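J.: Got a structure here, written out as structure tokens. Questions coming.
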Amino acid sequence: MHPLFRLAPLVLAALPAVASAAALQPGLYEVSLQLMMRGTPLQLPVRVVQQCVTPREIVNGSAYAASETRLPCTVSRLQQYGDKVNYHFTCPTSGGGRMVGRASGSSHATGWDVLMGGRYVPSLEGMREFTQRAQARRIGDCTLR
């Protein structure tokens with residue numbers, strides 16, 4: 001048997017995972033963000049933002065990373081398997097610093113639920129570590145401006 005024919009079942013078996021990883025649809029999403037700071041009992045209110053997600057942002061993973069400044073986050077080490085998503089992120093903050101960390105969660109055709117954990121660089125008013133939950137649902141198509 002030719003060696004390429006032996007690899008065919010492996011390639012075919014991987015296709016469903018690749019297809020489902022790309023299942024998130026481009027469009028307008030409502031994203032609920034809950035930020036929790038380690039070491040403080042302070043409970044911040046849930047912030048809801050709208051985000052237009054493009055096919056490019058789905059592929060590079062930046063669709064899943066939300067920044068408080070609305071500037072794009074940098075995503076690295078993106079892994080998407082079935083409905084699971086994991087990545088590392090760096091996001092700019094309003095004070096000129098950045099948030100860095102890792103995230104993991106789930107994604108489907110019309111939304112995602114991701115838990116981001118990391119730290120502020122430099123510390124933000126004495127607070128260094130944070131956890132942020134981002135839950136999103138597709139609410140329609142993006143409109144051109």
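Values quoted throughout were computed directly from the atomic coordinates according to the rules given, and no laboratory measurement underlies them. Every value quoted in this text rests on a predicted model; they were computed, and no experiment measured them. Virtual Cβ from ideal backbone geometry, glycine too; neighbours counted across all protein chains shown.
J.: Using the Karplus curve 6.51 cos²θ - 1.76 cosθ + 1.60 with θ = phi - 60°, work out ³J(HN,Hα) for each residue of the range 110-121 in order, rounded to whole Hz, and write x for Gly and Pro.
T.: Each residue of the range 110-121 in turn: 10, x, 7, 9, 10, 10, 9, x, x, 9, 8, 10 Hz.
J.: Got a sec to turn the phi values of the range 54-59 into Karplus ³J(HN,Hα) couplings, 6.51 cos²θ - 1.76 cosθ + 1.60 with θ = phi - 60°, whole Hz, x for Gly and Pro?
T.: Result, ordered by residue: 9, x, 4, 5, 5, 5 Hz.
J.: Using a 7 Å offset from the Cα along the Cα-to-Cβ direction at both Arg119 and Ser106, what is the distance between the two label points in nm, to one decimal?
T.: That separation, rounded to one decimal, is 3.2 nm.
J.: How big is the gap, in Å, between the Cα center of the range 48-120 and the Cα center of the range 124-145?
T.: Centre-to-centre (Cα) distance: 8 Å.
J.: Report ³J(HN,Hα) in whole Hz for each residue of the range 91-99, in order, from the Karplus equation J = 6.51 cos²θ - 1.76 cosθ + 1.60 where θ = phi - 60°; Gly and Pro get x.
T.: Residue by residue, the range 91-99 yields 10, x, 10, 5, x, x, x, 8, 9 Hz.
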